[in-house]
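Report on one structure; see the data block that follows.
The values are calculated or read from the model by the stated rules, or taken from the named source; none is laboratory data. Here the structure is a predicted model, which means the values were calculated and not measured. Neighbour counts run over all protein chains shown; Cβ positions are idealised from the backbone, glycine included.
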Amino acid sequence: MRAKMLTVLAGSVLMAAVPMLAHHSFSAEYDRSQPIKLKGTVTKVEWMNPHARFYLDVKDDGGKVTNWEFELGSPNGLMRAGWTRNSLKIGDVVEVNGSRAKDGSNLVNATNVAFENGKRVLGGVSSADDPNTK
């Protein structure tokens, strides 16, 4: 009986820790010294915790299209900054400033997003002193 209770307790602790393992600090994944600005068409939006994400098809100078992933703040934080679940829609063309992933993948921490109508909103993740917010 005691072994069974210890197994249940250990399993509960492990299950509680799993969501924390999925979360990360900015500096663990992104590099502020690698600023990037990309313009493209929204292909997907994921409005979920711990970070909202969206994806853009970005065309390079040679015409090749590459899909990029952008991490934003939490949905709750984004709503406090003026975002809604429908702020980004598939097909929208936006320009994004941010910091590239340290591993060189097509992943960016979005500092701000500029819409075609000129509206610019903060990404809700990076600090205010980040040079990419200018």
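See the values below:
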quantity	calculated
Residue count for region 68-78, restricted to those that are in contact (Cβ under 8 Å) with a residue 40 or more places away in the chain and either part of a strand (DSSP E or B) or under 17 Å from LEU107 (Cβ atoms) (or both)	5
Some residue of region 50-66 being small (Gly, Ala, Ser), modelled with pLDDT of 90 or more and surrounded by fewer than 15 Cβ atoms within 10 Å (Cβ to Cβ)	yes
Region 101-123: number of residues that are in contact with a Ser or Thr (Cβ under 9 Å, 6 or more places away or on another chain) and either assigned to a strand (DSSP E or B) or among the aromatic types (Phe, Trp, Tyr) (or both)	9
Hits in region 42-67 - residues which are under 18 Å from ASN112 (Cβ atoms), touching a Gly at 6+ places or on another chain (Cβ under 7 Å) and part of a strand (DSSP E or B)	VAL42, LEU56, VAL58
Pairs, first in contact (Cβ under 8 Å) with a residue 24 or more places away in the chain and aromatic (Phe, Trp, Tyr) in region 41-59, second part of a loop (DSSP other than H, G, I, E, B) and buried (at least 19 other Cβ atoms within 10 Å of the Cβ), C-beta under 8 Å, six or more apart	PHE54/LEU72; PHE54/LEU88
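Residue-wise test of (1) modelled with pLDDT under 90; (2) under 17 Å from LEU122 (Cα atoms).
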site: GLY11; (1), (2): yes, no
site: MET15; (1), (2): yes, no
site: HIS24; (1), (2): yes, no
site: PRO35; (1), (2): no, yes
site: GLY40; (1), (2): no, no
site: TRP47; (1), (2): no, yes
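Okay, residues lined up against (1) under 12 Å from the mean Cα position of the chain (by Cα); (2) at positive phi; (3) modelled with pLDDT of 85 or more:
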{"position": "VAL96", "(1), (2), (3)": "yes, no, yes"}
{"position": "ALA101", "(1), (2), (3)": "yes, no, yes"}
{"position": "GLY104", "(1), (2), (3)": "no, yes, yes"}
{"position": "ASN109", "(1), (2), (3)": "yes, no, yes"}
{"position": "VAL113", "(1), (2), (3)": "yes, no, yes"}
{"position": "LYS119", "(1), (2), (3)": "no, no, yes"}
{"position": "VAL125", "(1), (2), (3)": "yes, no, no"}
{"position": "ASN132", "(1), (2), (3)": "no, no, no"}
